[in-house]
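Scroll down for the structure; my scribbles are underneath it.
The values are calculated or read from the model by the stated rules, or taken from the named source; none is laboratory data. Keep in mind it's a predicted model, so treat the numbers as computed, not measured. Please note: Cβ atoms are built from the backbone with ideal geometry, for glycine as well, and neighbour counts cover all protein chains shown. Calculation scope for accessible area: heavy atoms of the full protein, side chains included, ligands and nucleic acids excluded. Shrake-Rupley method; radii C 1.70, N 1.55, O 1.52, S 1.80 Å.
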Amino acid sequence: RQLADYIDQMRGITSSSRIGVSPNQRVWESALLMAPRYRRAIAALHTSLLEGGLRGSVARKAYARAMLGIAMTYVGFTIAIGATKGKSWKQVTDDIAQGLDTRSRRFLLWEVGGQMIGPGSKFTSDLRLIGRLVRQPEDMKDTTLRWVRAQLAAAPTTAWDVLSGSGYIGE
């Protein structure tokens, strides 16, 4: 059962009913949050890191492998982008160092056509949140609210935009 739960968590499909979430609660979560089952599965996986036994061991190995895979992918793309832009090896290695530092504003992001793009997932979102909180602890409230806003479904996000007078990225 632990192995099955772990596999479900990695795929983001934890069974809400199996863990006791009522159908009414699932409806409300779906209306208010973006991908609530996925968020719950990722939160459970984060928690599994701290556990002992099979679940904790498998979660730690998976995290290490996932982080290595993401890092290596980032390095490969950064080298390729640097080569196409004619950057020196020193500039490329500086970009790599910045892009792999969770405290950096460029964590796992590349500038392409004037836009910052990168691999998006709940994992990278959570790592960016932690990095921002470490980098600027005095901005904890604003950083946390921005992260929460990013987790909301379309209707509450639109309401937030209307009430605040600006969109998520400030327009």
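Specify the residue that is surrounded by the fewest Cβ atoms within 10 Å (Cβ to Cβ); the eligible residues are those in the stretch 21-40 that are of a type in the set (A, V, I, L, M) and part of a helix (DSSP H, G or I). Reasoning before the result, please.
Initial filter on the stretch 21-40 (of a type in the set (A, V, I, L, M)): 21, 27, 31-35.
Still in the list and also part of a helix (DSSP H, G or I): 27, 31-32.
Working: V27: 10, A31: 12, L32: 14.
It comes out as V27.
Does the stretch 159-171 hold any residues that are open to solvent by 70 Å² or more (accessible area, probe 1.4 Å) and at pLDDT below 85, and which are they? Even if it seems obvious, please write down each step before you answer.
Within the stretch 159-171, the first condition is being open to solvent by 70 Å² or more (accessible area, probe 1.4 Å), and the residues that meet it are 160, 162-163, 168-169, 171.
Residues satisfying the conditions are W160, Y168, I169, E171.
Just need a number here: residues in the stretch 58-68 that are without any contact (Cβ under 8 Å) to a residue 24 or more places away in the chain and either within 15 Å of the chain's Cα centre (by Cα) or surrounded by 14 or more Cβ atoms within 10 Å (Cβ to Cβ) (or both). Don't jump to the end; show me each part of the working.
Going through the stretch 58-68, the residues without any contact (Cβ under 8 Å) to a residue 24 or more places away in the chain turn out to be 60-61, 63-65, 67-68.
This time we only want the ones that are either within 15 Å of the chain's Cα centre (by Cα) or surrounded by 14 or more Cβ atoms within 10 Å (Cβ to Cβ) (or both), so: 60, 63, 67.
Here the count works out to 3.
Please tell me if W160 is free of Cβ contacts under 8 Å to residues at least 24 places away in the same chain and more than 30 Å from I81 (Cα to Cα).
yes
Taking the stretch 138-158 only, how many residues are modelled with pLDDT of 85 or more, surrounded by 11 or more Cβ atoms within 10 Å (Cβ to Cβ) and among the charged types (D, E, K, R)?
Selection size over the stretch 138-158: 2.
With A154, A97 as the choices, which residue is small (G, A, S) and closer than 23 Å to I42 by Cβ?
Going through A154, A97 in turn, the sole match is A154.
When you go through (1) assigned to a loop (DSSP other than H, G, I, E, B); (2) open to solvent by less than 50 Å² (accessible area, probe 1.4 Å); (3) on the phi < 0 side of the Ramachandran plot; (4) not polar (S, T, N, Q) one by one for A43, which number turns out not to apply?
(1)
Could you check the stretch 77-90 and list, in sequence order, the residues that are open to solvent by 40 Å² or more (accessible area, probe 1.4 Å) and either in contact with a Leu (Cβ under 7 Å, 6 or more places away or on another chain) or assigned to a helix (DSSP H, G or I) (or both)?
If we filter the stretch 77-90 for residues that are open to solvent by 40 Å² or more (accessible area, probe 1.4 Å), which is where we start, we get 77, 79-81, 83-90.
Selection gives F77, I79, A80, I81, A83, T84, W89, K90.
Only one of L127, L133 is under 28 Å from R37 (Cβ atoms) and modelled with pLDDT of 85 or more; which?
Answer to the check: L133.
List every residue pair whose Cβ atoms lie under 7 Å apart, where the two residues are 6 or more positions apart in sequence or sit on different chains, the first residue falls within the stretch 80-94 and is more than 12 Å from W110 (Cβ to Cβ), and the second residue, located anywhere, is in a helix (DSSP H, G or I).
Close Cβ pairs satisfying both conditions: Q91/G82.
Just the residues that are aliphatic (A, V, I, L, M), more than 16 Å from I70 (Cβ to Cβ) and open to solvent by 20 Å² or more (accessible area, probe 1.4 Å), please, taken from the stretch 91-127.
Going residue by residue through the stretch 91-127, those that are aliphatic (A, V, I, L, M) are 92, 96-97, 100, 108-109, 112, 116-117, 127.
Applying the additional criterion that residues be more than 16 Å from I70 (Cβ to Cβ) yields 92, 112, 116.
If the condition is that a residue be aliphatic (A, V, I, L, M), more than 16 Å from I70 (Cβ to Cβ) and open to solvent by 20 Å² or more (accessible area, probe 1.4 Å), then V112, M116 are the ones that fit.
Would you mind telling me which numbered condition in (1) assigned to a helix (DSSP H, G or I); (2) in contact with a helix residue (DSSP H, G or I) (Cβ under 6 Å, 6 or more places away or on another chain); (3) open to solvent by less than 50 Å² (accessible area, probe 1.4 Å) L54 fails?
Answer for L54: the failing condition is (3).
Out of (1) modelled with pLDDT of 75 or more; (2) in contact with a Leu (Cβ under 6 Å, 6 or more places away or on another chain); (3) not hydroxyl-bearing (S, T, Y), the odd one out for R39 is which?
(2)
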